[in-house]
Structure formats: C-alpha cells, structure tokens
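Take a look at the structure below.
The values are calculated or read from the model by the stated rules, or taken from the named source; none is laboratory data. Computed from a predicted structure; not experimentally measured. Neighbour counts are summed over all protein chains in view; Cβ atoms, including those assigned to glycine, are modelled from backbone coordinates with ideal geometry.
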Amino acid sequence: MNGARPAGGSLAGASRRAAVVVASTRAAAGVYEDRTGPVIQEWLRGNGFDVEAVAVVADGDAVGDTLRELVRGGCAVVVTSGGTGLSPDDRTPEQTKALLDIEVPGIMEAIRHAGAGNTPTAILSRGHAGVAGKTFIINLPGSPGGVRDGLAVLGPVLGHLCDQLEGSHEH
C-alpha cells in the first residue's frame, strides 16, 4: 500500500472528529426523512472518523450557526448536504463561504465534473470546499447520488488534506 493511509486515517492512534450537516428545510420540519446524512455518516465512519453529529437543519442561518459551532468545537471535517442549488432558499454556499479562510476550488470542480457523468444537472451545484480555522468544510448536493459522487472524489484526498491541516503531511 506504499505507505498511504486510508482517506480518514488517523495519526498516532488518535481519531479525527467529523460532523454532518443536512441543509433541508422540509426534512428539518419533518415533512420527509433525510436520506443523505446516514450515507455520509457511514462513509466517514468507514474512513476512520468519529462522527459526533448529524444535524438536520433548515437552510439559511441555521446552517451557518451550526457550522460555526462545529468549527469552534474542533471538528476536523464537516460535510454538508443540500442547499447548493439555485432555488431561492438554497443558501448553504453563502453560509459556508462566509466562514472559509481558504477555499479549495479544485475539489468542487472535480465533484461537479464527476457528477456530470451521471446527471447533467450536477454542474448546477454551487457548493464550496475549504478550510475554516483547522476544519475542512465541504458542501455536497442534497441527493444520495450526488453525495455518493462527491464522496468518491473526496475519498482519495481527504486523509492527505487532514494531514496538511494538522501540519503532519509527508512531502
């Protein structure tokens, strides 16, 4: 395995903490059950992360409030789902971008490109990826297929990305 760790590989036996934020006004109101949070949670756990929260919140200010709380709490990774489209109430990208110290646009470009192979509407996602403090935040679409496409792109780079944020990556 040429010394590579799994995507969420931990350092010196310490686990990395992650959280999931589902931006869905209707799911938060109980109109329907969220189907993306469990997919992300299972993927993160399968990649060595301790998932401490799956929050289903209304899109807009509640997303920003939740993200700020998770960054302050020291999560290594926060994955959001939903609220990345063009509907008037899709505001997750704005809430996320306001917190980012560093953007990582290549990740979102790769996710949109990979998703477009499955559905042309993938290019409409306005999600962001970047770093707030020492927390990596990424916005994935609100569909299970879009989430799986995004996680497939994220998988090979997430461990290295976390290593870099922790100041421990190998050159």
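I want to confirm something. Restricting to the range 83-95 and keeping residues that are assigned to a loop (DSSP other than H, G, I, E, B) and among the charged types (D, E, K, R), which single residue is surrounded by the fewest Cβ atoms within 10 Å (Cβ to Cβ)? Write out each step before concluding.
So the first thing to find is which residues in the range 83-95 are assigned to a loop (DSSP other than H, G, I, E, B), and the list is 83-91.
Keeping just the survivors that are among the charged types (D, E, K, R) gives 89-91.
Values: Asp89: 13, Asp90: 19, Arg91: 20.
Across the range 83-95, the extreme among qualifying residues is Asp89.
Could you tell me whether the range 106-125 includes any residue that is in contact with a Pro (Cβ under 6 Å, 6 or more places away or on another chain), assigned to a loop (DSSP other than H, G, I, E, B) and over 23 Å from Glu69 (Cβ atoms)?
Restricting attention to the range 106-125, the residues satisfying the condition of being in contact with a Pro (Cβ under 6 Å, 6 or more places away or on another chain) are 125.
From the residues that got through so far, the ones that are assigned to a loop (DSSP other than H, G, I, E, B) too are 125.
Adding the requirement that they be over 23 Å from Glu69 (Cβ atoms) leaves 125.
Among the residues of the range 106-125, at least one is in contact with a Pro (Cβ under 6 Å, 6 or more places away or on another chain), assigned to a loop (DSSP other than H, G, I, E, B) and over 23 Å from Glu69 (Cβ atoms), which makes the answer yes.
Might you let me know whether the range 23-30 holds any residue that is among the β-branched types (Val, Ile, Thr) and not in a loop (DSSP other than H, G, I, E, B)? Explain how you work it out, then say what you get.
Taking the range 23-30 and keeping what is among the β-branched types (Val, Ile, Thr), we get 25.
Subset that is not in a loop (DSSP other than H, G, I, E, B): 25.
Scanning the range 23-30, I find at least one residue that is among the β-branched types (Val, Ile, Thr) and not in a loop (DSSP other than H, G, I, E, B), so the answer is yes.
When the range 129-152 is examined, which residues are found to be under 14 Å from Ser24 (Cα atoms) and of a type in the set (Ser, Thr, Tyr)?
Across the range 129-152, the qualifying residue is only Ser143.
Go through the range 96-105 and report how many residues are assigned to a strand (DSSP E or B) and surrounded by fewer than 12 Cβ atoms within 10 Å (Cβ to Cβ). Steps first, please.
In the first step, residues of the range 96-105 are kept if they are assigned to a strand (DSSP E or B); the result is 102-103.
Now restrict to residues that are surrounded by fewer than 12 Cβ atoms within 10 Å (Cβ to Cβ): 102.
Looking only at that region, the number is 1.
I need the full set of residues from the range 126-151 which are surrounded by fewer than 23 Cβ atoms within 10 Å (Cβ to Cβ) and out of contact with any Leu (no Cβ under 7 Å at 6 or more places or on another chain), in order please.
Answer for the range 126-151, where residues must be surrounded by fewer than 23 Cβ atoms within 10 Å (Cβ to Cβ) and out of contact with any Leu (no Cβ under 7 Å at 6 or more places or on another chain): Arg126, Gly133, Ser143, Pro144, Gly145, Arg148, Leu151.
What pairs can you find where one residue is in the range 37-53 and β-branched (Val, Ile, Thr), the other is surrounded by fewer than 18 Cβ atoms within 10 Å (Cβ to Cβ), and their Cβ atoms are less than 6 Å apart, with a gap of 6+ or different chains?
Val39/Pro144; Val51/Arg45
Within the range 152-171, which residues are under 23 Å from Thr66 (Cα atoms) and surrounded by 21 or more Cβ atoms within 10 Å (Cβ to Cβ)?
Of all residues in the range 152-171, those under 23 Å from Thr66 (Cα atoms) come to 154, 158, 161-162, 165-166.
Across the range 152-171, the qualifying residues are Leu154, Leu158, Cys162.
From the list Asp59, Asp50, Asp65, Asp34, which residue is in a strand (DSSP E or B) and either of a type outside the set (Phe, Trp, Tyr) or surrounded by fewer than 18 Cβ atoms within 10 Å (Cβ to Cβ) (or both)?
Numbers: Asp59 fails: in a strand (DSSP E or B); Asp65 fails: in a strand (DSSP E or B); Asp34 fails: in a strand (DSSP E or B).
On inspection, the qualifying residue turns out to be Asp50.
Select from the range 82-98 the residues that are touching a Gly at 6+ places or on another chain (Cβ under 7 Å) and among the hydrophobic types (A, V, I, L, M, F, W, C) and list them in ascending order.
Ala98
Consider Thr80 carefully, then state whether it is part of a helix (DSSP H, G or I), under 15 Å from Phe136 (Cα atoms), of a type in the set (Ser, Thr, Tyr) and modelled with pLDDT of 95 or more.
Details: part of a helix (DSSP H, G or I): no; under 15 Å from Phe136 (Cα atoms): yes; of a type in the set (Ser, Thr, Tyr): yes; modelled with pLDDT of 95 or more: yes.
In short, no.
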